[in-house]
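For reference, the structure is listed below as structure tokens.
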Amino acid sequence: MYTLQFDGLFRRIHTETSEFSGIMCYGWLIFQDERMVAQGHGGYAHWKLATSNGAEYLALIAGLEALMELKAFNELVIIQGDAKSIIEQMQNQSLTHSPRIEQFHRQARKLCRNFKNVQWNWTPRRDNHPADRLTRQALKQIRSSEPVYFAPNGDQMVPPESRKGLRPILCLSTFDPNAVLQ
């Protein structure tokens, strides 16, 4: 049995051009039975469509990709997150309305089809601290390594060609070498 815990975090980039510019940070952990076997965190910038739900989906997608690397295809996979809307959307209990979120939703659904047995579990925020800690670590690392995004005139300092689409700015993951199935 594998358990994927995920969390996302959105921080607005203050620009004159768009109210939806921001940094979307994510964190995820994977447990095999009770032992942590992988974790990761990172972040993306988007100059038009960054949201909290987008950050949550990025966390879920990164965690699902890590589960694929662990070759957990035939195992029970329990997916836990504190974003109730994402859990409900993935269970087809609610709809996505944003084209950007729909794109992330489709990508996550496609990844889920690789696993034989997936169960979804909404968990209260207070019980999702390990994943939340990783998202905050990602934000801290981005703030220190890419401070231009948080500068008052960041939209003037970042070249226009770097403001297009979803731009990865941090991606770190670690795997327990004994956990990867051969």
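Computed from the coordinates by the stated procedures, all read-outs in this text should not be read as laboratory data. Computed from a prediction, not measured in an experiment: that's the story for all the values here. Neighbour counts run over all protein chains shown; Cβ positions are idealised from the backbone, glycine included.
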Which one of Ala45, Ala50, Ala38, Ala55 is crowded, with 18+ Cβ neighbours inside 10 Å, in contact (Cβ under 8 Å) with a residue 40 or more places away in the chain and in a helix (DSSP H, G or I)? Ala55
Here the residues within the stretch 58-73 that are outside any helix (DSSP H, G or I) and touching a strand residue (DSSP E or B) at 6+ places or on another chain (Cβ under 8 Å) are Leu70, Ala72
For the stretch 15-25, indicate whether the set of residues that are farther than 16 Å from His129 by Cα and part of a helix (DSSP H, G or I) is non-empty. no
Considering only the stretch 14-27, I want to know if a residue exists there that is over 12 Å from the mean Cα position of the chain (by Cα) and over 28 Å from Glu146 (Cα atoms). no
With respect to Ala131, determine if the residue is in contact with a strand residue (DSSP E or B) (Cβ under 6 Å, 6 or more places away or on another chain) and part of a helix (DSSP H, G or I). yes
Looking only at the stretch 10-30, decide whether some residue is surrounded by fewer than 24 Cβ atoms within 10 Å (Cβ to Cβ) and within 11 Å of Ala138 (Cβ to Cβ). yes
Out of (1) under 12 Å from the mean Cα position of the chain (by Cα); (2) in contact (Cβ under 8 Å) with a residue 60 or more places away in the chain, the one Ala72 does not meet is (1)
Name the residues in the stretch 83-115 that are under 14 Å from Thr3 (Cα atoms) and assigned to a loop (DSSP other than H, G, I, E, B), would you? Phe115
